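The next block holds one structure in the form of structure tokens; read it before the comments.
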Amino acid sequence: MNQRQPDSIAPGRLGALATLPVFFKLAGKVVVLAGGSDGAAWKAELLAATGAYVKVFASAPGEKMRATVHDLAHVEWIARDWTPKDLRDAAMAIGDVESDDEARAFRDAARAAGVPVNLVDRPAFCDFQFGSIVERSPVVIGISTDGAAPVFGQDIRARIEAILPQGLRGWAQAAKEWRPAVLAKKFDFRTRRAFWERFTALAFSKADEKPRDNDLVALLAAVDSGLADVPRGSVVLVGAGPGDPDLLTMKAVRALQSADVVLYDDLVSPRTVNAARREATRIAVGKRGYKPSCTQDDITAMLVSLAREGKRVVRLKGGDPMIFGRAGEEIAGVIAAGLPVEIIPGVTAASGAAASLGLSLTERDVARRVQFITAHARNGKLPDDLALSALTDPRATTIVYMGVKTLPLLVARLLEEGIDPSTPAIAVERATWPDERRIAGTIAQLPELIAEAQISGPCLVLIGAALGGRPLPVRATSA
Ligand code: SAH
């Protein structure tokens with residue numbers, strides 16, 4: 001029977017590619033650049049950075065080009081217009097020219113000389129295009145949207161920039177330098193691969209440190225002795241910010257991108273969780289009264305047992321981990337288990353809400369103190385040891401976390417204690433989420449307004465004279 005064997009199934013064909021990304025070695029080669037505009041000056045700098053020798057043909061170069069020629073030894077200015085002869089020895093030709101006619105002439109001359117050609121802002125005349133660049137040289141990433149929209153390309157670039165640590169260049173350089181030593185060991189294929197896998201894991205885990213020769217020695221020793229892979233787990237407490245995923249820090253994104261497991265709170269938005277590596281296991285550990293939930297001890301125990309298995313565990317916590325996040329218990333638990341722990345700060349809900357409202361929490365002569373309080377004691381009631389005199393300070397801005405349920409009682413206490421009943425107060429529900437809501441009034445009015453509004457999401461109460469201004473409208477975010 002002519003039955004098809006599984007291993008004979010052809011892999012799918014590559015889909016259409018708008019352009020082919022290739023990486024030109026230009027060191028020591030001549031590049032002809034026609035034109036002296038600011039744009040041409042930037043191209044001259046870019047090309048010179050590759051080690052190319054750039055010949056600029058321009059009868060009247062602008063300021064920037066003059067400065068570039070002056071500063072860069074590899075950029076030579078020839079004070080006349082280009083001629084077809086000039087293209088003969090070039091490895092590449094770039095033209096920033098005035099008219100389509102000149103562009104056509106330049107392209108034809110370059111083609112006649114067998115030189116690939118690019119004309120700035122005239123894609124129809126180009127053999128190749130320049131992409132946006134993410135530079136961690138020797139790691140170089142080029143991005144092309146095939147002219148779809150430059151802003152789109154820039155945003156893609158910014159996202160890649162955010163996840164690749166600057167220190168990567170040092171590690172890539174070390175890889176080039178260490179390569180001969182690894183080859184000299186004459187490892188078999190699997191061992192060599194094991195070496196580079198360990199190298200890569202080390203590079204990303206110590207990206208902000210410089211590679212040292214000791215690292216090479218340790219890596220070689222580890223694979224040489226055939227050490228069983230004993231991965232070392234770790235725990236990172238990561239601040240997820242108040243909701244909008246764009247408020248993650250670059251460090252947070254990098255931690256998420258190298259996570260094996262992500263344990264996240266209820267307060268963390270789905271798109272923020274989605275910033276995690278695709279292969280990472282995601283575990284919801286939200287603590288909420290009305291749902292089956294994990295206790296703090298369960299969560300700490302999970303962090304420890306996952307890290308003990310060698311996993312890189314990210315504990316993704318709403319806002320900033322160090323503010324009303326019980327981070328202390330998690331840190332102590334991980335340290336007690338002898339495992340490494342790192343904390344990456346996040347934007348706390350108060351900062352998110354203030355930014356969204358467009359209201360500064362401090363104001364000269366109006367608010368000189370900012371205080372974050374929780375109105376929720378261990379037993380769920382208003383704490384009975386609140387420092388009321390601090391809360392009634394007319395020069396203070398108070399941000400109440402977890403304060404909706406106990407707000408009527410808190411406000412009653414503050415009024416008794418003599419706070420001005422007309423003090424501005426704003427409740428912000430789901431700050432920085434697309435469905436953020438605000439309820440504004442005076443401190444005396446707020447409990448009733450909040451009761452009417454039926455708050456169901458996370459909510460902050462901001463109190464103080466600094467909040468009397470007019471809030472900005474709610475902005476659409478991508479949470
Ligand atoms: N670590 C968090 C706070 C955790 S306590 C931080 O730094 O923001 C949980 C409380 O935070 C909630 O009850 C609510 O008062 C507040 N909160 C968290 N996210 C919020 C948001 N997006 N909008 C309003 N309040 C929020």
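The values are calculated or read from the model by the stated rules, or taken from the named source; none is laboratory data. Fair warning: this is a prediction, and the values are worked out from it, not measured in the lab. Here Cβ is always computed from backbone atoms with ideal geometry, including for glycine, and neighbour counts include all displayed protein chains. Accessible surface areas use protein heavy atoms only, side chains included; no ligands, DNA or RNA. Shrake-Rupley method; radii C 1.70, N 1.55, O 1.52, S 1.80 Å.
Numbers below:
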item: Under 5 Å, built H, 5+ apart or other chain: amide partners of V347; result: G241
item: Projected label distance in nm at L17 and R212, using a 7 Å step from Cα toward the beta-carbon; result: 4.2
item: Residue-count net charge about L361 - beta-carbon cut-off 13 Å; Lys, Arg +1, Asp, Glu -1; result: +3
item: Accessible surface, the chain, averaged per residue in Å² (probe 1.4 Å); result: 56
item: Among beta bridges that DSSP assigns inside the stretch 50-150, antiparallel share in %, nearest 5; result: 40
item: Heavy-atom accessible surface of the chain: percent carbon and sulfur, 1.4 Å; result: 54
item: Stokes-Einstein diffusion coefficient of the chain, Kirkwood radius over Cα pairs, 10 °C, 1.306 mPa s, in µm²/s; result: 58
item: Positive minus negative residues near A427 (Lys, Arg vs Asp, Glu; Cβ under 9 Å); result: +1
item: Where only C-alpha atoms are counted, convex hull volume of the stretch 235-290 per residue in Å³; result: 81
item: Estimated distance in nm for a label pair at I160 and K176, the labels positioned 7 Å out from Cα along Cα-to-Cβ; result: 1.8
item: Alpha-carbon gyration tensor eigenvalues x 5, square-rooted, for the stretch 310-435, Å; result: 31, 18, 14
item: The chain - share of DSSP beta bridges that are antiparallel (%, nearest 5); result: 35
item: Angle between the chain longest axis and helix 38-49 axis [Cα atoms, degrees, rounded to 10]; result: 80
item: Share of Cα-Cα pairs in the stretch 99-149 lying beyond 11 Å, as whole percent; result: 71
item: Distance from the stretch 278-355 to the stretch 79-151 (C-alpha centre basis), Å; result: 51
item: For the stretch 116-198, alpha-carbon Rg over 2.2 N^0.38 Å; result: 1.54
item: Rg/Rh (Cα only; Kirkwood hydrodynamic radius) as it applies to the stretch 1-152; result: 1.13
item: Equivalent-ellipsoid semi-axes of the stretch 333-374, from the Cα gyration tensor, Å, largest first; result: 34, 13, 8
item: Average projected area [Cα convex hull, the stretch 76-161], square nanometres; result: 7.1
item: 222 nm mean residue ellipticity, helices alone, for the chain (DSSP H n ≥ 4; -39,500 (n - 2.57); rounded to 500); result: -10000 deg cm²/dmol
item: Linear extension gain, R277 paired with V140, 0.36 nm per residue minus alpha-carbon span; result: 47.1 nm
item: Estimated translational D of the stretch 298-361 in µm²/s (Stokes, Kirkwood radius over Cα pairs; 20 °C; 1.002 mPa s); result: 163
item: Label-point separation, A390 to R368 (7 Å along Cα→Cβ), nm; result: 1.7
item: R0 of 56 Å, Cβ-Cβ distance L409-D127: FRET efficiency to nearest 0.05; result: 0.15
item: All-pairs Cα distance distribution in the stretch 237-381, expressed in whole percent, bin size 10 Å; result: 11, 39, 33, 13, 3, 0
item: Estimated vicinal HN-Hα couplings, Hz - the stretch 266-271 in sequence order (Karplus 6.51, -1.76, 1.60; Gly, Pro = x); result: 4, 6, 8, 6, x, 5
